[in-house]
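See below for the structure under consideration.
The values are calculated or read from the model by the stated rules, or taken from the named source; none is laboratory data. All values reported here derive from a predicted model rather than from experimental measurement. Please note: Cβ atoms are built from the backbone with ideal geometry, for glycine as well, and neighbour counts cover all protein chains shown. To get the accessible areas, we keep the full protein, side chains included, count just its heavy atoms, and leave off ligands, DNA and RNA. Shrake-Rupley method; radii C 1.70, N 1.55, O 1.52, S 1.80 Å.
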Amino acid sequence: GLVTIAATSFINNSHNARMVAELAGISKKLIGETEFPAGNFCMEDGSDEAKKLLDFLEMEKAPAHPLYNGGTHLTTNECFLYFSDGEHYSIRVPTVGNKGYLIQESRNPNPQGIQEKCEEGWIPFGNRCVMKYEAKNVGGVATSQATVAPWVGISQENAKKKCEEIGAHLITNAEWMALARDIEAVEDNWVGTGASRVLKMGNAGNRKGNNTNNTEAWYGFDTPSVDYEGKTGGNRSSDSPAKLILSNGQSIWDFSGNVSEWIDIFYPTQAGITGGTNGGYGEINAIDWENSTNPYISYTEVGSKDQSLTSSNGIGQIYKLTTDKDKGLLRGGYFNGGIETGVFMAYMHYAVSYSGAFDGFRCVR
């Protein structure tokens, strides 16, 4: 048994090292480019889009995830998932052996290997170290710690600056989606069974405002006996604390609920992501992102792997643009969001200069 475990670990490490090297090679070819092939696909799927990208990279053969089974970007996480709006690109790849995701993108182009350990208050996830908690204002320094209310009333522009001041960057959408898809895949994050199961939503439903007490025993309410289950409406079960579990065993706090978090992305005016019913809200699985005329976002950049999930399953809603002006992006939802809140929640509604009382941020290295 010990020999088998050691052999499996060696094989997994070899697979991961190869994928890290492949991402580094792709990054080297793309550094310095100002335009990238637009599209959203698995690099190994053999599609015309994938072939065009390989030609652009001058690669004869696509990188291949060891668990790739021939699916598309809409059916599998186990691939080199490429997304580009033409101006920026990202590639996200799940590791083998539950070490998180490998991320490579134009916003942070320097290649990194798998992070085994991070400083206190940060957690390793693939080739990134991520703030375990929402950023807190400690003497004007963005700090990841359990206590003190999250830093709110800050614009996306200033959140980016505060992350850069500590040698980090504001979380990107590719990093957010890697974490969200990973959370979706961990059974401990779910309550209930079948079509009615619910992804834990944390501090959502106007229970305690922007909570200041992150404890392993309980978080979000005065006692665990509060009826809170993380579905819809105001009454939910105590099975929905703010701590969510990642596949590598690490925990991340307030990724859903408490305060919405700024993402390092900017959407120019596009009719394809404006409108919608209910003031701009829409169910993730009911929006045909793939056929949208808007090139700046696709389903795999906002949605769950299981496309049958809706906000009644606790994943949140999309809040599309309601005006024809440039916008930033907020994710996760906040304590007063109710059914709108969830790890896949996406607000495409505020300018990057906007600073709201319920909006915070999280940094990544």
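Would you please give the FRET efficiency between residue 355 and residue 141, computed as 1/(1 + (r/R0)^6) with r the Cβ-Cβ distance and R0 = 22 Å, to the nearest 0.05?
It comes out at approximately 0.75.
Express in Å², to the nearest 10, the accessible area of residue 78 obtained by rolling a 1.4 Å probe over the protein heavy atoms while all chains stay in place.
Probe radius 1.4 Å; accessible area of residue 78 about 50 Å².
Using R₀ = 25 Å, calculate the FRET efficiency as 1/(1 + (r/R₀)^6) where r is the Cβ-Cβ separation of residue 38 and residue 17; round to 0.05. Numbers along the way, then the final one.
On the way: r = 30 Å, r/R0 = 1.21.
That gives a FRET efficiency of 0.25.
Ignoring ligands, DNA and RNA, how do 55, 45 rank by accessible area with a 1.4 Å probe, largest first? Intermediate results must be reported in sequence, preceding the final value.
Working: 55 115, 45 50 Å².
So the residues, ranked largest to smallest area, are 55, 45.
Please list, by residue number, every one of the trypsin sites (Lys or Arg not before Pro) in the stretch 1-83 that is coil in DSSP and has at most 12 other beta-carbon atoms within 10 Å. Write out the running numbers ahead of the final one.
Working: sites: 18, 28, 29, 51, 52, 61; in loops: 61.
Filter output for the stretch 1-83: 61.
Tell me the net charge near residue 144. Cut-off is 13 Å between Cβ atoms, residue 144 excluded, with +1 for each Lys or Arg and -1 for each Asp or Glu.
0
Sort 80, 36 from largest to smallest accessible area, using a 1.4 Å probe on the heavy atoms of the protein chains.
Numbers: 80 0, 36 20 Å².
Order by accessible area, largest first: 36, 80.
Report the extension gain between residue 75 and residue 9 in nm, rounded to one decimal, defined as 0.36 nm multiplied by the number of residues separating them, less their alpha carbon distance.
On the way: separation 66, 0.36 × 66 = 23.76 nm, distance 2.69 nm.
Residue separation times 0.36 nm, minus the Cα-Cα distance, leaves 21.1 nm.
Counting only heavy atoms of the protein chains, get the accessible area per residue of the stretch 135-193 (1.4 Å probe) and round it to a whole Å² value.
Details: 2150 Å² over 59 residues.
About 36 Å² of surface per residue is accessible.
Expressed in nm to one decimal, what extension gain is obtained for the pair residue 165 and residue 24 from 0.36 nm per residue of sequence separation less their Cα-Cα distance? Intermediate values should be presented prior to the final figure.
Values: separation 141, 0.36 × 141 = 50.76 nm, distance 2.56 nm.
That pair, residue 165 and residue 24, stretches by 48.2 nm at full extension.
What nm value, rounded to one decimal, do you get for the distance between residue 197 and residue 119 when each label is placed 7 Å out toward the C-beta?
3.8 nm
So what's the net charge close to residue 266: Lys and Arg +1, Asp and Glu -1, counting the other residues with Cβ under 11 Å from its Cβ?
Working: positive: 107, 160, 327; negative: 85, 87, 157, 264, 326.
Taking every other residue near residue 266 into account, the sum is -2.
Mind grabbing the accessible area of residue 193 for me, 1.4 Å probe, Å², rounded to tens?
110 Å²
Please list, by residue number, everything in the stretch 36-70 whose backbone N is under 20 Å from a paramagnetic label point 7 Å out along Cα→Cβ of residue 307.
Of the residues in the stretch 36-70, 39-50, 68-70 have backbone N under 20 Å from the label point off residue 307.
Take the solvent-accessible surface of the protein heavy atoms, probe 1.4 Å, and return the percent of it on the stretch 34-192 that carbon and sulfur atoms account for.
On the way: 2970 of 6480 Å².
C and S atoms contribute 46 percent here.
Under a Cβ-Cβ cut-off of 13 Å, what is the net charge of the residues other than residue 184 that fall near it, where Lys and Arg count +1 and Asp and Glu count -1?
Within the 13 Å Cβ shell, the charges total 0.
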